[in-house]
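The values are calculated or read from the model by the stated rules, or taken from the named source; none is laboratory data. Since this is a predicted model, take the numbers as computed values, not measurements. Counting neighbours? That spans all protein chains shown, and the Cβs are built from the backbone with ideal geometry, glycine included.
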Amino acid sequence: MKVHHGVERAIGDKLVEQVGGCDLFVTTYALANRDREHLERVHWRRVVLDEAQFVKNPATKQSQAVRSFVSARRIALTGTPVENRLTELWSIMDFLNPGYLGPAATFRRRFAVPIERYHDEQKAEQLRSLVRPFVLRRHKGDPSIKVELPEKFESREYCHLTREQASLYESCVARMLKDVDESSGMHRRGLVLSSLIKLKQICNHPAQALKDFDPDAGTPPDPARSGKCVRILEMLDEIVASDEKALIFTQYRQMGHLLSLMLRHEFGRDILFLHGGTPQGGREQMIEQFQEMGAERPVMILSLKAGGVGLNLTAASHVFHFDRWWNPAVENQATDRAYRIGQDKNVQVHKFVVRGTLEERIDEMIESKTQLAHSIVGSGERWLTELSTDDLRSILTLRDDAVDDIS
């Protein structure tokens, strides 16, 4: 086996010579693009993409690079073939069997629009029958796999808004409903999506939404401004006292910074925070510290995109989803950083939901049925942008039970 990585990696004739002398050649997506002209010289017997969702956008350079490699066979491995749009499935299938599902524009017209926008079951079944011969789906619970794992327990941790959060939330909803009523098309969808992000940030902590906190100030923002932060500190206090370990996933790098400051101040210990800006060497060091250092490193915070795949963090027996991606496949992949082969403890998965807000309503909708998820192989959240103003008002309006009376 040869790992193609680092500044001293082989290129040109030396690379071709190395490939000829090994059975397995491993590299990264970034280097597949950077060294494309050298890797294209090899006629590969087989090209395998791990975490194949990284080629879900056919226009990116790394996606174009791996498609250019000549190979007799191609394999794509992924836990999330569809995260937001069916065109992501098309991109992976087009890598495996170029042209099989037709050009991208034809696929969108023939399948993506009817299924995503109009929930066309006939089109969904037609697409399912087309991809089924090329998809081998496996779950840890499948009897044929016989993976012996401890138990996994999932729970909803219901939180309340503080009065400050409730005021910000109601103002944001009122402003959005007024704006979307006066707009249409892409502009309307953009307004809805940006407002949803703002509402999720308000549910996390006012400092994230208002950006009124200086991370260089040395003291953390007040946890008491956020119902979620109060709750997670209570739960982590018990976990740390029991010498257990926890992972905390958040979509937002800024929220990760806020949480790390709060937890460091609360528990007086170093808190690991892995995000998209963490260099490779730093990632490996953090993983080693979390796995090996015991109670000295009780908590690791991860941004969902940077830490949701490709990591082995079995030292954790608790997984917190602090804010929700509203995509079960993505959240399950993140949970599987702890709940995987090598785990010898029961794993507790805590999904935070703020009562009376869009978080609770959308969580209920996902639990009952996500149309796209059941139609094909995944789900997304952009369908929310297609809702009518009345439907948005029904989902977003703050209910009476959202605010804690003592806040």
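When each of SER242, SER155, SER226 is tested for being free of Cβ contacts under 8 Å to residues at least 24 places away in the same chain, more than 22 Å from ALA306 (Cβ to Cβ) and not basic (Lys, Arg), the lone residue that passes is SER242.
You will find that of ALA329, ALA306, the residue that is part of a helix (DSSP H, G or I), surrounded by fewer than 22 Cβ atoms within 10 Å (Cβ to Cβ), touching a helix residue (DSSP H, G or I) at 6+ places or on another chain (Cβ under 9 Å) and touching a residue at least 40 places away in the same chain (Cβ under 8 Å) is ALA329 and no other.
Do we find that LYS2 is in contact with a helix residue (DSSP H, G or I) (Cβ under 9 Å, 6 or more places away or on another chain), of a type in the set (D, E, K, R) and surrounded by fewer than 17 Cβ atoms within 10 Å (Cβ to Cβ) in this structure? In short, yes. Residues of region 309-326 that are closer than 29 Å to ILE202 by Cβ and in a loop (DSSP other than H, G, I, E, B): VAL309, ALA316, PHE322, ASP323, ARG324, TRP325, TRP326. Looking across region 368-401 at every residue that is assigned to a loop (DSSP other than H, G, I, E, B) and farther than 30 Å from VAL131 by Cβ, the one that is modelled with the lowest pLDDT is identified as SER388.
Residue by residue, here is whether (1) touching a Ser or Thr at 6+ places or on another chain (Cβ under 6 Å); (2) farther than 22 Å from ALA59 by Cβ; (3) buried (at least 19 other Cβ atoms within 10 Å of the Cβ) holds:
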{"residue": "THR106", "(1), (2), (3)": "no, no, no"}
{"residue": "ARG109", "(1), (2), (3)": "no, no, no"}
{"residue": "VAL113", "(1), (2), (3)": "no, no, no"}
{"residue": "PHE134", "(1), (2), (3)": "no, yes, no"}
{"residue": "PRO150", "(1), (2), (3)": "no, yes, no"}
{"residue": "GLU157", "(1), (2), (3)": "no, yes, no"}
{"residue": "HIS160", "(1), (2), (3)": "no, yes, yes"}
{"residue": "ALA174", "(1), (2), (3)": "no, yes, no"}
{"residue": "ARG188", "(1), (2), (3)": "no, yes, no"}
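Criterion applied to PHE290, PHE273 was being outside any helix (DSSP H, G or I) and in contact with a strand residue (DSSP E or B) (Cβ under 8 Å, 6 or more places away or on another chain), and the one residue passing it is PHE273. Residue selection: VAL66 fails the criterion of being within 30 Å of THR335 (Cβ to Cβ), in contact with a Leu (Cβ under 7 Å, 6 or more places away or on another chain) and not in a helix (DSSP H, G or I).
Of all residues in region 39-54, count the ones that are in a helix (DSSP H, G or I) and basic (Lys, Arg).
Applying the first criterion (in a helix (DSSP H, G or I)) to region 39-54 yields 39, 52-54.
Imposing the further condition that a residue be basic (Lys, Arg) reduces the set to none.
Total satisfying the criteria: 0.
Look at (1) among the aliphatic types (A, V, I, L, M); (2) modelled with pLDDT of 95 or more; (3) in a helix (DSSP H, G or I); (4) out of contact with any strand residue (DSSP E or B) (no Cβ under 6 Å at 6 or more places or on another chain) and you find that LEU101 fails only one, number (3). Given the structure, is ALA76 farther than 17 Å from LYS305 by Cβ and in contact with a Lys or Arg (Cβ under 6 Å, 6 or more places away or on another chain)? For ALA76, the condition - farther than 17 Å from LYS305 by Cβ and in contact with a Lys or Arg (Cβ under 6 Å, 6 or more places away or on another chain) - is not met.
With the structure loaded, tell me whether VAL47 is under 33 Å from the mean Cα position of the chain (by Cα) and either modelled with pLDDT of 95 or more or surrounded by 15 or more Cβ atoms within 10 Å (Cβ to Cβ) (or both) or whether it fails that test.
On the way: under 33 Å from the mean Cα position of the chain (by Cα): yes; either modelled with pLDDT of 95 or more or surrounded by 15 or more Cβ atoms within 10 Å (Cβ to Cβ) (or both): yes.
So VAL47 passes the test.
Conditions tested, residue by residue: (1) basic (Lys, Arg); (2) assigned to a helix (DSSP H, G or I); (3) modelled with pLDDT under 95.
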residue	(1), (2), (3)
ASP94	no, yes, no
LEU136	no, no, yes
SER155	no, no, no
GLU164	no, yes, no
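Select from region 202-213 the residues that are free of Cβ contacts under 8 Å to residues at least 60 places away in the same chain and either part of a helix (DSSP H, G or I) or in contact with a Leu (Cβ under 8 Å, 6 or more places away or on another chain) (or both) and list them in ascending order.
Of region 202-213, the ones free of Cβ contacts under 8 Å to residues at least 60 places away in the same chain are 202, 205-213.
The answer is ILE202, HIS205, PRO206, ALA207, GLN208, ALA209, LEU210, PHE213.
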